[in-house]
Amino acid sequence: MIHLSVAIATFNEEDKIADCLKSVYGWADEIVLVDGTSSDKTVEIAKKYKAKVSVVANNPMFHINKQIAIDQCVGDWILQLDADEVVSLELKKEIMKIIQDSKSNGYWIPRKNFFLGRFLMKGGQYPNFILRLFRNGKGRLPCKSVHEQIIVSGSVGYLSSPLLHFSYPNFEHYIEHFNRYTDILADEIGIEAKNGKSPKLVDFLFLKPSFWFLKTYVRHKGLLDGVPGFIFSVSSAFRFPIAYSKWWERDGKK
């Protein structure tokens, strides 16, 4: 019987996927990996870890490929991971115990985010709870937004051991992701504009970034994370004016 399936979607992740797979290989009953037609060695590496690999188109809304992986899982429970995430030893033990005798249909997992050489523990970045463990058939991704969570039918609980997130090994990589995320945010602004919710310049250039910086750096004490905490608060606040600028250049000035 397959008690636990791991669902992963990838695209050109050869520098990260091995660490992710190592952290679940040998104790998860199956690894289902849906690859968006990578041009690097992602698929080759995945097969070394006995992953069940499917190659599909690289959909701009990446959650669609994640849902395809979820749909292919046959285990009683599903752990959905990103290629840049690693299951800690403590989390492994907690998951193995919880799926044996659980009354809930899903679990929120605390996540530690690695940024500029350290895990951010303040600024609202920890515990960064994400819903990733759920009973098969009880959870789905809406596939509408880059920051959405899995929606679980029924009761959900919380785990205490962390998932380790290595999304930004260096600042250059962060900028690459930043550019992609602001493209998606610009698309979301465009959708709202077409639905009659015209974005206000003052909101995206001043109010939203100011609120975000004060919230993460002051209220949630990001200042205690030192220089990485300050850079994270400033750079992430800038996603609002950058996304607005991309939308305005494309659609707003017409």
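The values are calculated or read from the model by the stated rules, or taken from the named source; none is laboratory data. No experiment lies behind these values; they were computed from the predicted model shown. Here Cβ is always computed from backbone atoms with ideal geometry, including for glycine, and neighbour counts include all displayed protein chains.
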Only residues that are out of contact with any Gly (no Cβ under 6 Å at 6 or more places or on another chain) and surrounded by 17 or more Cβ atoms within 10 Å (Cβ to Cβ): list them for the stretch 153-182, please.
-> L159, P162, L163, L164, H165, F166, Y168, Y174, F178, T182
Residues in the stretch 135-153 that are at pLDDT 90 or above, over 22 Å from I98 (Cα atoms) and among the β-branched types (V, I, T): how many?
-> 0
Identity of the residue in the stretch 155-177, out of contact with any helix residue (DSSP H, G or I) (no Cβ under 9 Å at 6 or more places or on another chain) and modelled with pLDDT under 95, that ends up nearest to G139 (Cα to Cα) = H177
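Of all residues being free of Cβ contacts under 8 Å to residues at least 40 places away in the same chain and not small (G, A, S) in the stretch 29-41, which is surrounded by the fewest Cβ atoms within 10 Å (Cβ to Cβ)? Just the residue, please.
Here is the first cut: in the stretch 29-41, the residues free of Cβ contacts under 8 Å to residues at least 40 places away in the same chain are 31, 33-41.
Now drop any that are not not small (G, A, S), which leaves 31, 33-35, 37, 40-41.
Details: I31: 24, L33: 29, V34: 24, D35: 24, T37: 12, D40: 14, K41: 15.
Step by step, filter the stretch 29-41, then rank; the result is T37.
Tell me the helices (runs of 4 or more DSSP H) entirely within the stretch 148-254 that contain at least 1 residues that are in contact (Cβ under 8 Å) with a residue 60 or more places away in the chain. Steps first, please.
Values: elements: 171-194, 208-213, 226-237, 239-247.
By residue number, 171-194, 226-237, 239-247.
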Residue count, the stretch 2-28, condition loosely packed, with under 15 Cβ neighbours inside 10 Å and on the phi > 0 side of the Ramachandran plot, comes to 1
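Can you confirm whether S104 is more than 26 Å from T216 (Cβ to Cβ), in a loop (DSSP other than H, G, I, E, B) and out of contact with any His (no Cβ under 9 Å at 6 or more places or on another chain)?
Working: more than 26 Å from T216 (Cβ to Cβ): yes; in a loop (DSSP other than H, G, I, E, B): yes; out of contact with any His (no Cβ under 9 Å at 6 or more places or on another chain): yes.
Taking the combined requirement at face value, the residue satisfies it.
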Matching residues in the stretch 11-55 (over 21 Å from W77 (Cβ atoms) and among the hydroxyl-bearing types (S, T, Y)) number 4
Might you let me know whether the stretch 120-129 holds any residue that is assigned to a strand (DSSP E or B) and either more than 18 Å from the chain's Cα centre (by Cα) or under 20 Å from V24 (Cα atoms) (or both)?
-> no
Residue satisfying condition, being surrounded by fewer than 16 Cβ atoms within 10 Å (Cβ to Cβ), outside the structural domain of H220 (by TED's automatic domain parsing) and at pLDDT 95 or above, within set L81, L89 | L89
Contact list, first residue from the stretch 106-132 and in the same structural domain as G226 (by TED's automatic domain parsing) and in contact (Cβ under 8 Å) with a residue 12 or more places away in the chain, second anywhere and buried (at least 20 other Cβ atoms within 10 Å of the Cβ) and among the hydrophobic types (A, V, I, L, M, F, W, C), beta-carbon distance below 6 Å, six or more apart or interchain, is none
